[in-house]
Amino acid sequence: MKIKNSTAWNDWMLRRMISWCCKELDMPIRAVRLAVFRNSRSTWGGCARGWRGQISVCVTTNEAEFPANASTHGNGERFIDRMECLVAVTAHELYHVAAHCVTDHRQRTRGYGMGQGSSERVTCAQEIRVLNLFRQSREPLLAEWNITPERAAKPQITIVDKRKAKAIADLEKWERKLKLAKTKVAKMKRRVKYYSRAENISQPNS
């Protein structure tokens with residue numbers, strides 16, 4: 001999965017959040033090929049291209065806009081802060097993708113004649129379900145998502161080691177060439193011997 005991110009949230013946090021959402025939505029993570037996260041001028045926004053496995057999630061940077069009314073997503077619902085909004089919108093768009101790769105998630109109400117779309121009513125219900133799961137375990141989930149990944153230190157290679165590696169590679173290359181040359185020489189010798197015999201046969205005895 002590729003992530004394009006222009007927000008203040010870390011890529012690894014977003015990746016872990018997506019993984020968790022996919023698990024709760026019972027969909028394979030591999031179904032998501034591209035996830036775009038960016039700041040929004042409105043409170044939030046999002047879109048999904050399920051047939052491409054792509055989602056786009058936009059959330060405002062202004063915390064003053066929260067709590068934000070989300071009654072269109074669930075009766076009487078409100079997003080308390082930006083984090084709730086991020087999880088909810090991500091889950092919403094992921095479910096649209098799920099409708100294209102998980103048979104049980106498909107609803108014919110929005111299938112563009114294919115029976116592979118997901119209705120907004122069902123999608124919003126799934127979004128709020130996942131949001132409520134996040135609310136129940138918010139602190140441990142955020143702690144897990146925000147762990148800075150340990151980056152393995154690259155081994156320091158000395159100049160001597162680099163030159164030795166190059167010498168070994170050069171030796172192997174020329175040994176391959178030598179083997180090829182020997183094969184070619186043996187082949188040419190056989191040809192010369194063949195033509196020499198043919199010439200002797202064609203010459204009359206004196």
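Throughout, read-outs are computed from the coordinates displayed, never taken from laboratory work. The model shown is predicted, which means the values in this text are computed figures rather than measured ones. Cβ placement follows ideal geometry from the backbone for every residue including glycine, while neighbour counts extend to all protein chains displayed.
Quote the charge dipole size of the chain about the Cα centre in Debye, to the nearest 20; the model charges only the Cβ of Lys and Arg (+1) and of Asp and Glu (-1). Mind showing how you got there, number by number?
On the way: 38 positive and 20 negative charges, 517 e Å.
I would put it at about 2480 debye.
Counting only alpha carbon atoms, the long axis of helix 82-98 and the longest principal axis of the chain meet at about 60°. Taking the C-alpha atoms only, the angle from helix 159-202 to the longest principal axis of the chain is near 40 degrees.
Spatially, the range 1-52 and the range 118-185 are offset by 20 Å when compared through their Cα centroids.
Here the label points at N69 and E120, each 7 Å from Cα along the C-beta direction, are separated by 1.5 nm in the simple model. Relative to the longest principal axis of the Cα atoms of the chain, the long axis of helix 120-136 lies at roughly 90 degrees.
Please report the orientation-averaged projected area of the chain, defined via the convex hull of its C-alpha atoms, in nm².
On the way: hull surface 98.1 nm².
Its Cα hull, projected and averaged over all orientations, spans 24.5 nm².
The trypsin sites (Lys or Arg not before Pro) of the range 121-206 meeting both criteria, a DSSP state outside H, G, I, E and B (loop) and at most 16 other C-beta atoms within 10 angstrom of the site's C-beta, are R151. The length gained by stretching the chain between A198 and D26 to full extension, at 0.36 nm per residue less their Cα-Cα distance, is 54.1 nm.
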